[in-house]
Every structure is written in C-alpha cells, then in structure tokens.
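The structure under discussion appears below in the form of structure tokens.
The values are calculated or read from the model by the stated rules, or taken from the named source; none is laboratory data. Remember, it's a predicted structure, so these values are computed and weren't measured experimentally. Neighbour counts run over all protein chains shown; Cβ positions are idealised from the backbone, glycine included. Surface accessibility is based on the protein's heavy atoms, side chains included, excluding ligands, DNA and RNA. Shrake-Rupley method; radii C 1.70, N 1.55, O 1.52, S 1.80 Å.
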Amino acid sequence: EEAGKKPTSKKAAKAAEEPISANAENGDAPKKKKKKGSNEKEDLYALVGLGEERYLASDKMIKDAYRKVALDKHPDKCGAALKDPAERLKIEEHFKHIQEAYEVLSDPAKRRLYDSTDDFDDSFPESSESTPEEFFKLWNPVFLRNSRWSEKKPVPQLGDDTTPYEEVVKFYDFWFTFKSWREFPQEDEHDLETAECREHKRWMERENSKMREKAKKDEVRRLRTFVELAEKLDPRIQAQKQAQKDAKEAKKQAKLDEKKRKEDEAAALLKEEEEKKAAEEAAKKASKDDEKKEREKQKKALRKERSRLRTIVQGLEEKHPGSALPGITAVEDLCTALEQNKLTELNDRLQPPPGEEFSAIETCLEALNQCCTELNIDPTANKIQAAPVESTPPASPVASSPKPASGKKGKSPAAKQVELPEWEEEELRMLVKGLKKFGKTTARRWECITGYVRTRTQDEVIQMAKAKFTVDGKPLNKPSEQQPKTNGKSDSADDVAAKLEGVSLEDSADPNKPNSEGWTPAQDHALVQAVKAFPKGCAPSEKERWARLSAGIPGKNGAQAFKYYPILLARIKAEGK
C-alpha cells in the first residue's frame, strides 16, 4: 500500500523510487538499468534501406522506405512458414529489427539520440596544414559536417574569397553562437522505458543529464576552438584586419605628419620672428651706434670750436691787452650758448686772413659784441686780467713753480675769486644727483657729471661743485660748523684744494718753528701745495704719488707726509681756516 501511494515531494519521490526498483523485492539497493541492446550494434538506417542518406533522410523518406522494406521482408512474403524453425526464427527476428528501427527513426527524440551516437569525424585541420590557397578546400567540409548539429536552419555556408565581408562576419557570428542538439548518451545511463512511474522517469532524466553535461561542455569547447582557428586562418579576415591595420597606421601617420607639419610651421614662424627681431635689434643697434658716433662727432667738433674760440680770444687779449674784449665768463657763456654752426661761423669771422697772425681787433670786437648782444651776455663780466702770483716759500720747488692762468681748467686764486654764474634750481638739483650717482672712485667722474647735467660745461660744473657742495653732493657747511675727521682717512685732492684754500705762510708767527709733530709752518704750506699739485690718480700707485709729493717738502719723506696729512687737515678744519 505504501508503494502504491503517490509521493508528495521530490525527496519523497526519490525515497519512493528505491522500493519500487527492479531488485526491491530482494531488499537490494536500486541499480541502473541499461537500454535494450537489440539494436545497439545494428545500422538502423541500413535496415530501412537509407544507409546512404542517413541523417539527411526526411520523415517521408523514412516512411516510404520502411513500407517498401516491410513488404519485402515480411515473414509471410519470405515463406517463413515453409522454412525450418531456425530459418523461420531468423526471418522473424530480422523483420522485428526493421520494425524497431522504424520505431526509433520515426520518433524525433529517439532518432536525435541515435544520430548523436552515429559515427562522426570531430577532427579539423591544424594551423600548420592550412594555407591561404588551401583554406576553403580544407575547412568547407569541416563546417558542412558540423552543421548537422545545428538547431537553427538553414546554416550559412563558408563561401569563397569572393564572398562579401559582411556575409563573412555573419557566418562567424552564427558559428560563435552555435547551438547544438547533439546528445552524448553514456554506457551506464538509465533506460527511461524501464521507469516504473513518472517520478522515477524524471529522476532518470536528471541523472542522465548530469552524466552528459561534461561531454556537452567538451563539445562546446571543441566547436569554439575550431571556429576561432578558422577565423584566424581565414584569408578574408586576415586581409580585412591588415586593411584596418594599414588604415589605422595611415591615420596615425597622417596625424604625426600633421603634427610635424604644424611643429615645423611653428618653428619656421618662430625662427622668422627671431630673425626679424634680431634684424630689427641689429638695425636699431646700428642706428644707435650711428647716432652715438654722430653725437660724439658733433661733441668733438663742438669742443674743437669752443677751444678754437678760447684760443682766438686769448691770443687777441695778449696782442691787445687794453682792448674791450669779453671777459672769461662771457667767452664761456658764448661757448655754452652757441651751437656748433654758429660757433664755426663766429670763429671763421675771428680767424685772421691768410698771411696775418691776428685779425683786425675792430672786426673781432664787432663780431663778439654782436653775439653777446644777441644772447644777452654781458661782455664785461669777469674780464681777463693778470692773476697775482701766490707767495710760496723758496725752499719748496712745488710751491715756487707758478701755474699758468688758463681759460680752460686753471685753478689759480684769481680764477677762483671769479663770481660764479647763476644756476637754475633744476640745474643744481641735477648736479647734486650727479655728485651722488658718480662717486669719487668713478673713472672720468667730471665728464660723467657734466653729461648728466647737460646744460653746463665741465669747468662750470667743477667750479660750482667745489664752491657749494661736498664730494657726495651735500651742501657745503660754513667753516665753523665743519667737524674734523677722526677716522684718520684723507680726503681726495679736489676736496683738499677746496678745504685748504686760503692757507698761507703768513698765518703763522714763526715759519720755522716746529709744532708738536715736528712740522714747521713752511713745511705745512709746502704739503698743502704739493697735495694740490699731485691729485689722486696722477701716479700708478698711492705710494709712488706720496713719494713724488714729498719731493716738494723739505726735510720730509713720503711716509712722514702720508702720516701727518690727516693731522694737518683736522687741525685746519678745527681752526676754521
């Protein structure tokens, strides 16, 4: 009764399968039952007369062939009743096998299972065997053989080298998604016909499916392998890949060429701009150099004409001492105010005729007075006169040598007593800035300061600077406000000349009485005159300068003069002299 009950679940069905199995009565465990083996070794297609068509035979062909064979092989038609028992049994068994073959081939499921076990060639060419020329000849039969397992019909063909590439892509897409109906029955599978109930049959199907799963996976792997190999060796795919690669390389090369072209254009443009800029800079520099040369040329010509005017006026003054020639300030004002062409014209008028040493004094006076009138210059200002010679001790060769009074850079007392021309506030401001900008150590300092001021001559700049400013451009204090130096350093020669102006031998009661340092007033005066005569830079070295300087100081050498000089300077500044 328990065996006859229907199981309510899968577990119950599985448990119920054991007592209803073939050996359940003996208490043995259930065993797998094999299929009937009557037709396992026989060719079913050959039994019905379709040995050549086999899996290609249609249902109608199988039915027609069976009817024909059944009529020919029927025992009654073969005379089985007249045969001996053994022969009659053989005829009956053969007819029975024909009926069983038709039963299998007419059932689609059974026929598919039988076709899966039919002889089949699973091999495919190796890569070394396939060449582009032999590809279609070798691989077309492989695809035809395997197309029998396809669930989808019709199956696309491999084609040839003239097949469009789109059809080739569709062909391989089909085979990469190929669905096979091929089954792989195993030797030890359960025979579903022996199932005793529905649950038992389902259990058998599940067990059979598990045993076939591994074989199906191997089949899928085999199909995938030979399709990938075929696609790899297909000359059409190779040509397309090569064309795509060439197109990609061409596109890449085109990009590189375009990039290189742009870089070359940019480099050429940059080079052109640099060359243009260099040419402009060279032209600008050449223009500046030409302008500078022209300015230097004009300055040189201007200085030459100014020197020429001073020389002419000085010569006329020496030739005609009592004449009404313009004074030294008026001459310098003319040199400053007149341009080069005007100076040249004036000098040509003052130039004596050929064969004569001097021009007529009336002609010269007329030309000079006319220029002074046009420029509002007082011709009587700072009239040139004989300069008194400063008395110096006879023992000093430096002090005893008188300096010539010159209109250029003379530093005689007479020239220093000349009234300074008026300077505008802007000119004084530029002078102060020039003194600060170009220090004592600047080479050609006064030329630099004169060029900075621009509106005055070098003599005027030096005269104003020494009269009203210190070396550093600070306003010059009164003598009573000046403090003596305590650092022991000496001033420059120009500063000494400005600070020691007016010191004379008459300031001391006894010229030959030495002071606490062992120096007499006469030696002090000789030191002052020697410092004026030998300014800084007059000798290759400072030591040689003081050696030369001491030659004009009786009884003293260069080292003694160098050591005593700061002491003398501090004493004079302290006394307010």
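Details
- Matching option when the condition is within 53 Å of the chain's Cα centre (by Cα) and in contact (Cβ under 8 Å) with a residue 24 or more places away in the chain, among 270, 229, 223: 229
- Taken over region 175-212, the criterion of being within 60 Å of the chain's Cα centre (by Cα) and surrounded by 15 or more Cβ atoms within 10 Å (Cβ to Cβ) is satisfied by 175, 178.
- Among the candidates 194, 117, residue that is polar (S, T, N, Q), modelled with pLDDT under 90 and within 30 Å of residue 230 (Cα to Cα): 117
- Every test in (1) within 27 Å of residue 42 (Cα to Cα); (2) of a type in the set (Asp, Glu); (3) free of Cβ contacts under 8 Å to residues at least 40 places away in the same chain is passed by residue 189 save one, and that test is (3).
- Applying the set (1) open to solvent by 100 Å² or more (accessible area, probe 1.4 Å); (2) without any contact (Cβ under 8 Å) to a residue 40 or more places away in the chain; (3) closer than 30 Å to residue 157 by Cα; (4) of a type outside the set (Phe, Trp, Tyr) to residue 242 leaves exactly one unmet item: (1).
- Test: residue in region 114-127 that is touching a residue at least 60 places away in the same chain (Cβ under 8 Å), touching an Asp or Glu at 6+ places or on another chain (Cβ under 8 Å) and among the aromatic types (Phe, Trp, Tyr): no
- Within region 40-94, considering residues that are hydroxyl-bearing (Ser, Thr, Tyr) and outside any loop (DSSP other than H, G, I, E, B), the one farthest from the chain's Cα centre (by Cα): 66
- Listed by first and then second residue, the pairs with beta-carbon distance under 7 Å, at least 6 apart or on different chains, first residue in region 87-110 and over 27 Å from residue 149 (Cα atoms), second open to solvent by less than 80 Å² (accessible area, probe 1.4 Å), are 88/80; 91/75; 91/78; 91/80; 92/75; 92/80; 95/74; 95/75.
- Candidates in region 123-156 are the residues that are assigned to a loop (DSSP other than H, G, I, E, B) and within 20 Å of residue 182 (Cα to Cα); of these, the one that is most open to solvent (accessible area, probe 1.4 Å) is 153.
- Exactly one residue out of 416, 437, 411, 466 is touching a helix residue (DSSP H, G or I) at 6+ places or on another chain (Cβ under 9 Å), closer than 19 Å to residue 535 by Cα and modelled with pLDDT of 80 or more, and it is 466.
- If the condition is being open to solvent by 50 Å² or more (accessible area, probe 1.4 Å) and closer than 27 Å to residue 378 by Cα, then region 422-450 contributes 422, 424, 425, 426, 429.
- Filter result for residue 180 (small (Gly, Ala, Ser) and in contact (Cβ under 8 Å) with a residue 24 or more places away in the chain): yes
- Taking first residues from region 530-554 that are charged (D, E, K, R) and partners that are open to solvent by 50 Å² or more (accessible area, probe 1.4 Å) and part of a helix (DSSP H, G or I), the Cβ contacts under 8 Å between residues at least 6 apart in sequence or on separate chains come to 536/542.
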